[in-house]
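Asker: Dumping the structure here so I can ask a few things about it.
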Amino acid sequence: MATAIKPVPRPSSPRRGGEASEKPASLADRIARLVDSVYRFLASVKLAVITIGTLAATLAYATFFESRHGTAAVQEYVYRSPGFAILLAFLGVNILCAALIRYPWKKRQTGFVVTHAGLLILLLGSYIGVRTADEGQVGMLEGEVKSELVRIDYPVIRIREIDPHSQGSGTEYALPFRPGPFPWGPGKPRDPGLIGRVLEVVSLGFLGKPATEEVLTHKDDPFRFVVTENLPAAAPAIIHEPDPDGSAMARLTLQFKAPGMPQARDAFASEDDHWFVTEKKFQRVVRDQRPAMIVFAHVDRPELVDDFLKPPPMGAKGTARFRYADKSGKTRTHDWPLEGQEGKTIALPDSTLEVTLSEITEFPTAAGGLEQILGDDPVPIAIFKIRSGKDEPITHMALANLPMVPNVIPSADPAVTKRPVPLAAIHYMTAPRLDPQGNGRFGQIEILAGPNGSLHERVFGRGKETTVGELRSAGPLEEGKPIVAFGGNPNLPMTISFQLDEYLPAGVEKQIYEPVVLPKAQMGNGIAACRAKMTVAGQTKEIWLSRSENLDPPPPRHLAFGDKFYELVYDVDRKPLGFELKLDDFDTGFEPGTEQATHFESKVRLTDAAQGIKDQPHTIWMNHPLDHRGYTFYQSNYIRVRDPRTRQFTGQFQSVFQVAANPGRPIIYSGCVLVVLGAFLQFYMRAGIFTDGGKKEREKKAKAAALAVTKPANDADPAL
C-alpha cells in the first residue's frame, strides 16, 4: 500500500542572533520589482476599466459640450487637447502591455492578439491623422476657378504696408491668431481650457491671472499688434464719439402717424438711419425719407444762421445774397433774384464792384455719389464774374444752399500758384421742389447747427400754385423737444414730427462689432470679429476687424501712422492645392415654401497641369465626393451672396465644398478591419469551432501538477 508523503518545506537560512534571516534585496532587484509592478499595472484590467470608463465619460461630455458650443469648440477643448491625447496614450499602453504580458501566445488567443493589434493600429492611424491631416473648404460661384484651400480653423491677421504714392504693396505680415471659440476681452479673461484650469488650481495662483489680451508680434517686428477683445459671433454696429478733428453730426427721430393708426411710428428702419453725419467738405447731409426730405447742415458764421432763419424771397431760380465791403469798409448785403438774369450785370450798391451772372447750370450729384450730401440730382450752380473797378474780373461760383463751399476755386493750371482773393461772399439760396406727383415729396425739414453749439430748424411746405416750397416755420431748436412739422389738423390728417436727440459739434463714426447670441444648433457658425491695437513708432491706434461672411477675403481696413499706411485683414490661412477646379453649374432644391435645402449638386471641371488633366468633368453631390491627389471634396453647404454695399441678397449662391486630406485614413481603416476580424476569431475560437476551447491544455496542466506532487515522494523512498 502506498503512503502519500507531504512535500518537505525548504529550510530557511539562520538569521543573525540565532534567528533565521534573509539576504537583503539589491538595488537592481528592487528596481526590477518596481518595473515589474508598473508593467503589471499597465497590463491590468483595473487600468483598462479606469481608462475606458474615463474615455466613455469624456466622450459623453464632449457630445454635450458640442451641442452647446459647436464643433469648433469641442475640437479645441476636447479632441485636440493635451488631456485627451494623454488619455488615448494610456489606453494604447494598456492595450500593448495586456497583449505582451500573455506572450508566448497560444493558438486559442489568436483572436485576442488580432483584436489588440487592430486597436493599436487604429490609435496609430488616429495619431498620424491628427499630426498630418489637413482640412478646409473651397467656395465658388458659377464660372469661378479656385486653386486654394481655405483653412477656416486657422485664422490669420494679415498686415501689409502700402506705398501712398505708387499704391503698391510692401512687406506683408501674416500673424497666426488662435482666439478660441469663446468671447474674451476687457473684464472677461480668456478661458484657459480644462488643463489650464487644473494648472491654476494646482499652482494656487502663482501662474498669474488669465490673459485678457494676446500679443501677436515679436520684439523684432517693426510694429506691435495686440488683440484686446475676441467675439466668435459678431454683428457690425456704428458708434458716434466726440472728436475735435471730426465733423458735425446729430441723432434725429422722425415719426409719422397716418389716419387710423393707434400711435405714431418711427420712420427710420435702423439705429444707423437715425444719425446724420455731415461731410467735411460740404458740411451737409440729406436723407430722402418720403414723403419728406430731411436736411442737416453746419455753418461756422452767425450771418449764415440769419440767412437760414430769414431767407429772401427765392422764386423759381433762387436768389443770390452778396456780402461785400463797401467804400467805407463796412460789410453790406445785397440780394439778387436770378430769375431771367443770365448775361446781365449789376453794380453792388456803394461799392466799385460789378457782378455779371454768366450762367446757371447744373452740378450732377448722382455720378459722384453725392446725392446723400447735396440732395437732388442735379444741384443748381450759379457762375458769376465780379470786377472791381477796371481790374480783370474774377470768376465766382455758388452751389445752391451750400454756403460753406468756397466761392473761388483755385486754378487747375499748376503754373498758377497764387489763389485769387474772393471779392464777395455769395450765398445762393433756392427753395426745395415739392411735387408729390413727381418726386413724392410734400415737405422738407431742415436742421442747422451754427457756431457755439446753436441749433435751428425750419420747415418748407407745398406751395399753393407752384412746386416751389414755401417756408412754413423757422426758429431755434432744443434737444429732446418734439416738433410737429406737418399735419395735426383736419386738412392734413397725416402727422409728421421730428426731434433732435443728440448733437455732436465735432465727432467721428467708428465701426465696432457687438456679440451675437446664436442658437445651439448654429454655435460655431458666427462671423468672428476682434478689437486690436496697433503701435507704430510710439503711436497707438485701435481698430475692429471682422472675418468674411463667405470664403473670400474680407474688405481690408486701413490705418495711417504719419507717412506710413497699413492695410489690415482678418483672414484665414490659404493653402495652394496644386490644381484648379471650375464650377460650371450649382443646383440646389428647397422644401416648398421654406428655405430648407433638400439637395446640393455641383458640376465642376478639374485641371491639373502636372498630371496632364484639363477640364475633366465631375459631378459632386451628397455622399458622392471627388478624390484627387489625396484630397476629398464633399458637397457640404452653400452660402447666399450679399451685396457688400446694400447688404441685400443678390440671388446668387456660393457652392461650398468640405475638403479633407488624411494620410492616416488607410491605417485607421486597416485597424478597424483587424478589430472586426479579431472579434470574429476570438468569439468563434472560444466557442470551440477552431479548437476545443482549451480543454486539452487544461488536462495537460493538471497532469503536470500531479506529477510534480508525487515526484519528490518517489525520490525519497526508492523501494516505492
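Every number in this text was worked out from the coordinates using simple rules, so none of it is lab data. Please read all numbers here as calculations on a predicted model, not as lab measurements. Neighbour counts run over all protein chains shown; Cβ positions are idealised from the backbone, glycine included.
Asker: Any idea what the dipole of the range 258-369 comes to, in debye rounded to 20, about its Cα centre with Lys/Arg Cβ at +1 and Asp/Glu Cβ at -1? Could the numbers behind the result be given before it?
Answerer: Details: 15 positive and 18 negative charges, 49 e Å.
I would put it at about 240 debye.
Asker: Moving to a separate point now. For labels at Val226 and Lys390 in the simple 7 Å Cα→Cβ model, what's the distance in nm?
Answerer: Using points 7 Å along Cα→Cβ, the separation is 7.2 nm.
Asker: What spacing in nm lies between the two simple spin-label points modelled at Glu549 and Lys188, each 7 Å away from Cα in the Cβ direction?
Answerer: Modelled inter-label distance: 2.3 nm.
Asker: Could I ask something else about it? If r is the Cβ-Cβ distance from Arg102 to Leu59 and R0 is 25 Å, what FRET efficiency results, to the nearest 0.05?
Answerer: Working: r = 28 Å, r/R0 = 1.12.
Once the sixth-power term is evaluated, E becomes 0.35.
Asker: Related question: So if each residue of separation counts as 0.36 nm, and I subtract the Cα-Cα distance between Gln437 and Thr171, what length gain in nm does that give?
Answerer: On the way: separation 266, 0.36 × 266 = 95.76 nm, distance 5.75 nm.
So the extension gain works out to 90.0 nm.
Asker: Going 7 Å from the Cα of Asp501 toward and past its Cβ, which residues in the range 248-274 have a backbone nitrogen under 18 Å from where you end up?
Answerer: 249-257, 264-274
Asker: Then there's this: Along the charge dipole of the range 272-329, Cβ charges K/R +1 and D/E -1, which of Ala316, Pro302, Ser328 sits furthest on the positive end?
Answerer: Ser328
Asker: For the range 523-663, what does the relative contact order come out to in percent, with C-alpha contacts under 8 Å and a separation of six or more? Display every interim value, and only then the final one.
Answerer: Working: 235 pairs, mean separation 17.0, N = 141.
Rounded, it is 12 percent for the range 523-663.
Asker: May I ask you to derive the FRET efficiency for Ile239 and Arg290 from their Cβ-Cβ distance with R0 = 22 Å, giving the value to the nearest 0.05? Write out the running numbers ahead of the final one.
Answerer: On the way: r = 28 Å, r/R0 = 1.28.
That gives a FRET efficiency of 0.20.
Asker: Within straight cross-link reach of Lys46, meaning Cα distance under 27 Å, which lysines are found once same-chain residues fewer than 8 apart are removed?
Answerer: Answer for Lys46, where 27 Å is the Cα cut-off: Lys106, Lys107, listed by chain and number.
Asker: Could you calculate the FRET efficiency of Arg160 with Tyr39 from 1/(1 + (r/R0)^6), where r is the beta carbon distance between them and R0 is 60 Å, rounded to 0.05? Present the calculation step by step, with values, prior to reporting the outcome.
Answerer: Values: r = 58 Å, r/R0 = 0.96.
Efficiency at R0 = 60 Å is approximately 0.55.
Asker: Still on this structure, I have one more. With each pseudo-label sitting 7 Å past Cα toward Cβ, what's the Gln652-Asp584 distance in nm, one decimal?
Answerer: 2.0
Asker: Please name whichever of Thr132, Val156, Phe182 sits farthest to the positive end of the charge dipole of the chain, dipole taken about the Cα centre and charges placed at Cβ: Lys and Arg +1, Asp and Glu -1.
Answerer: Thr132
Asker: Rank by packing, highest mean first: peptides 280-286, 180-186, 390-396, with packing defined as the count of other Cβ atoms within 10 Å averaged across residues.
Answerer: Details: 280-286: 19.4, 180-186: 17.3, 390-396: 13.4.
Descending packing order for the listed peptides: 280-286, 180-186, 390-396.
Asker: Near Lys701, which aspartates and glutamates are there with a Cα under 18 Å away, not counting those fewer than 8 places off in the same chain?
Answerer: Partners within reach: Asp692.
Asker: So, with +1 on the Cβ of K and R and -1 on the Cβ of D and E, and no other charges, what is the size of the charge dipole of the range 307-462 about its Cα centre, to the nearest 20 debye?
Answerer: Values: 17 positive and 18 negative charges, 101 e Å.
The dipole magnitude comes to about 480 debye.
Asker: Can you find, among Ile383, Leu353, Pro337, the residue sitting farthest towards the positive end of the charge dipole of the range 315-430, where Lys and Arg contribute +1 and Asp and Glu -1 at Cβ?
Answerer: Towards the positive end, the residue furthest out is Leu353.
Asker: Report the full-extension gain for the segment Val676 to Leu27: residue separation times 0.36 nm, less the Cα-Cα distance, to one decimal in nm. Don't skip to the answer; put the middle values down first.
Answerer: Working: separation 649, 0.36 × 649 = 233.64 nm, distance 4.52 nm.
Result: 229.1 nm gained on full extension.
Asker: Only one of the listed values, (1) 1.58; (2) 1.29; (3) 0.98, was derived from the coordinates as Cα Rg over 2.2 N^0.38 Å; which label is it?
Answerer: So the calculated entry is the one marked (1).
Asker: Then there's this: Order these peptides, 475-485, 267-277, 110-120, by their mean beta-carbon neighbour count within 10 angstrom, highest first.
Answerer: Details: 475-485: 13.6, 267-277: 15.4, 110-120: 19.4.
My ranking of the peptides, most packed first, is 110-120, 267-277, 475-485.
Asker: Can I ask one more? Is the range 511-638 rounded, prolate or oblate when judged by the Cα gyration tensor, a ≥ b ≥ c being the square roots of its eigenvalues, rounded requiring a/c under 1.5 and prolate requiring a/b larger than b/c?
Answerer: It comes out oblate by the Cα gyration axes.
Asker: Classify the range 419-495 as rounded, prolate or oblate from the Cα gyration tensor: take a ≥ b ≥ c as the square roots of its eigenvalues, call it rounded if a/c is under 1.5, otherwise prolate when a/b beats b/c and oblate if not.
Answerer: Values: a/c = 3.25, a/b = 1.38, b/c = 2.35.
Note, shape of the range 419-495 comes out oblate.
Asker: For a test of the definition: using alpha carbon positions, the gyration tensor, and the 1.5 limit on a/c, classify the range 315-430 as rounded, prolate or oblate.
Answerer: On the way: a/c = 1.93, a/b = 1.32, b/c = 1.46.
Oblate, because a/c is 1.5 or more while a/b does not exceed b/c.
Asker: So which DSSP H runs in the chain come out at 24 Å plus along the axis (Cα) with average Kyte-Doolittle of at least 1.0? All intermediate terms of the calculation are to be shown ahead of the outcome.
Answerer: Values: long enough: 45-69 (35 Å, 0.92); 82-100 (27 Å, 2.19); 110-132 (32 Å, 1.38); 665-686 (31 Å, 1.20); 695-716 (33 Å, -1.07).
Span-like helices, by this rule, are 82-100, 110-132, 665-686.
Asker: What's the magnitude of the charge dipole for the chain around its Cα centre, counting Lys and Arg as +1 and Asp and Glu as -1 at the beta-carbon? Answer in Debye, nearest 20. Don't jump to the answer; show the numbers that get you there.
Answerer: Details: 84 positive and 83 negative charges, 908 e Å.
Roughly 4360 debye, rounded to the nearest 20.
Asker: Per-residue counts of other Cβ atoms within 10 Å, averaged by peptide: what ranking do you get for 289-297, 140-148, highest first? Don't skip to the answer; put the middle values down first.
Answerer: Values: 289-297: 20.4, 140-148: 14.8.
Going by the mean number of other Cβ atoms within 10 Å, highest first, we get 289-297, 140-148.
Asker: OK, next. Multiplying the sequence separation of Asp563 and Leu124 by 0.36 nm and subtracting their Cα-Cα distance, what value in nm do you get? Don't skip to the end; give the middle numbers.
Answerer: Working: separation 439, 0.36 × 439 = 158.04 nm, distance 5.49 nm.
Net length gain for the segment: 152.5 nm.
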